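Nothing in this text is a laboratory measurement; each read-out follows from the coordinates by a stated rule. This structure is a prediction, so every number in the text was calculated from the model and none was measured.
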């Protein structure tokens, strides 16, 4: 999907043909078919005033299969998307990235803690720009921040009782989230389960997320794609951000 702000930057470029510019307009909200009036409205509002005088349907009919007209309007085909990605050199984020980023931003809007919001905004930006390792690490940091604040606000006294049973070297009681950062995250998850803050199944899922986070946070040959990162972030959304 092409961001509307990005579209405004692209449309004035003389290197793009009229057809190219129409295809770029179709890439905005890419899954939504657009009628001719919609295409002209988006173009006009994005600074392409001349589009109001173009025979848009004629351009699209001669696009060699890059766009097709369905019941609800014109939409890009796979050929059209590939043309924009490869021939025009403009990255169109795929549906996995769009869906996950949109979901995460929706949850961000419901969170009041600004430290957590900052972590998440950085994580989703990394995901959108395909900086996958950074997205994994930052989303995990945001999740841990939320869980730590949950413990400090509601469960601190019982954690201080339970912690030495899991971590024998834990001799100084925690008072703040900074104190909890002294604890290994794996041990922290074990304590959360023992206190019934999370159940065993959630702990196992979060441990998998922690493993991926550790792999992404250190130099190695690991390769990950958007699906791995989407699953990681979705797990954190459903089991941490949505619940706490």
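With Rg and the Kirkwood Rh both taken from Cα atoms, where does Rg over Rh land for the range 180-244? Write out the running numbers ahead of the final one.
On the way: Rg = 12.7 Å, Rh = 12.8 Å.
Checking Rg against Rh, the ratio lands at 0.99.
Relative to the longest principal axis of the Cα atoms of the chain, the long axis of helix 185-194 makes an angle of roughly 70 degrees. Counted over all Cα-Cα pairs of the range 40-136, pairs farther apart than 17 Å make up 68 percent. Were the residues from residue 215 through residue 194 laid out at 0.36 nm apart, the gain over their Cα-Cα distance would be 4.9 nm. Each eigenvalue of the Cα gyration tensor of the range 4-87, multiplied by 5 and square-rooted, gives one semi-axis; in descending order these are 17, 15, 12 Å. Volume per residue for the chain equals 151 cubic angstrom (convex hull of Cα atoms).
Distance distribution P(r), the range 100-244, all Cα-Cα pairs, bin width 5 angstrom from 0: 2, 10, 20, 22, 19, 15, 8, 4, 1 percent.
In the chain, the longest principal axis of the Cα atoms and the axis of helix 132-154 are about 40 degrees apart. Rounded to the nearest 10 degrees, the angle from helix 95-108 to the longest Cα principal axis of the chain is 50 degrees.
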